[in-house]
Amino acid sequence: MNHFLDIHKTDKDALRGIIDSARTIKDARKGQPKAALDADLPLKDRMVALIFEKPSTRTRTSFDVGVRQMGGQTMVLSGSDMQLGHGETIADTARVMSRYVDMIMIRTFDESVLEEMAEYASVPVINGLTDRTHPCQIMADILTFEEHRGPIAGKKVVWCGDGNNVCASFLHAAGQFGFDLTFSGPVQLDPEPEFVGWARNQGVNVEIERDPAKAVDGADLIVADTWVSMHDAQSARERRHNMLRPYQVNRDLMNHAKPDALFMHCLPAHREEEVTSDVMDGPNSVIWDEAENRLHAQKAIMKYCLEG
Ligand code: CP
Ligand code: NVA
């Protein structure tokens, strides 16, 4: 069994295998007769716990649908309704849950919760987002990019905005999949030096460029995310908006990139804040494919967790 905790903690070949497997899984659903799909049910008779300590639309729905398509069943649990939210340790929760279920996906705040869960669980644990990373999202993003533009290795990805958890997983993916990443945002919201240093140590080009128009020059992919993440204090909202407004992805900024540069956003998006509707709904945007690919990428991740 394998956990899927972070992109930089997963073997490069395994990551490539997950992307390839996701494509196969996606294609199979489109072309296969029902009988063939029914014969391939790796989660048959298995129960997967989906634990949420933060809100979710895509992660919750795509994992739930994915598990059912693979023949399994889900139990969606809210952290605050569990004893976990009332003083029971993560380790004890992990030990008990492992006696009931075959896999655990958790969305939580502090990454130490995820790590403790993985250390004490005897079933695979999947990171469904923490304050620091969001690896399932970026696996879907790699799948989406490669479907539209071929191999991502050697391409230029530009992150515009807050150097947050999704940006961190993009830095990890840059190191593992071999693409260049330029961060463009205010100095106060730079990605953590640990993540930038890790990616640079893998030999990829990581640039920090404060001028977004210069940053997107030659970009193959431009990525935006919310200016206020779920773990950010709402009291910081106005200050963050003021700092981040120059990094909005709009038509003018897209015109500085390659004409066929793709636009991605993990969603939920705040229209006319981090991205304008003309970009979100425009010809370069692949956001709906990106959301769909959460399903296919996560099915491949669950297969990897069970089968290696
Ligand atoms: N992108 C993403 O993880 O969305 P949800 O918060 O809706 O799960
Ligand atoms: N950075 C965002 C991503 C949401 C999917 C957050 O953590 O709220």
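Summary table below
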| item | result |
| --- | --- |
| Residue within region 114-121 that is within 16 Å of ligand 1 (Cβ to nearest atom) and surrounded by 15 or more Cβ atoms within 10 Å (Cβ to Cβ) present | yes |
| Subset tally (residues that are free of Cβ contacts under 8 Å to residues at least 12 places away in the same chain and within 16 Å of ligand 1 (Cβ to nearest atom)) for region 55-104 | 1 |
| In region 159-189, the residues that are over 15 Å from the mean Cα position of the chain (by Cα), away from ligand 2 (no atom under 15 Å from the Cβ) and not in a strand (DSSP E or B) | Gly175, Gly178, Phe179, Pro186, Val187, Gln188 |
| Failed criterion for Ser285 (all others in (1) among the small types (Gly, Ala, Ser); (2) more than 16 Å from ligand 1 (Cβ to nearest atom); (3) in the same structural domain as Glu146 (by the TED database) hold) | (2) |
| Members of region 29-65 that are touching a helix residue (DSSP H, G or I) at 6+ places or on another chain (Cβ under 9 Å) and closer than 21 Å to Phe145 by Cβ | Arg29, Arg58, Thr59, Ser62 |
| Any pair with Cβ under 8 angstrom, 6 or more apart, that starts in region 263-292 at a residue that is β-branched (Val, Ile, Thr) and ends at one that is in a loop (DSSP other than H, G, I, E, B) | Val275/Gln248; Val275/Asn250; Val275/Ala269; Thr276/Gln248; Thr276/Asn250; Val279/Asn250; Ile287/Leu267; Ile287/Ala269 |
| Pair list, Cβ under 7 Å, 6 or more apart: region 122-134 residue charged (D, E, K, R), other residue more than 9 Å from ligand 2 (Cβ to nearest atom) | Asp131/Phe109; Asp131/Asp110; Asp131/Glu111; Arg132/Glu111; Arg132/Ala168 |
| Counted residues, region 152-208 - those being among the small types (Gly, Ala, Ser) and within 16 Å of ligand 1 (Cβ to nearest atom) | 4 |
| Hits in region 245-293 - residues which are charged (D, E, K, R) and at positive phi | Glu272 |
| Subset tally (residues that are outside any helix (DSSP H, G or I), farther than 25 Å from Val166 by Cβ and aliphatic (A, V, I, L, M)) for region 62-110 | 4 |
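The values are calculated or read from the model by the stated rules, or taken from the named source; none is laboratory data. Bear in mind that the values here come from a model prediction, so they are computed numbers and not experimental data. Quick reminder, even Gly has a Cβ in these numbers, built from the backbone with ideal geometry, and neighbours come from all protein chains shown.
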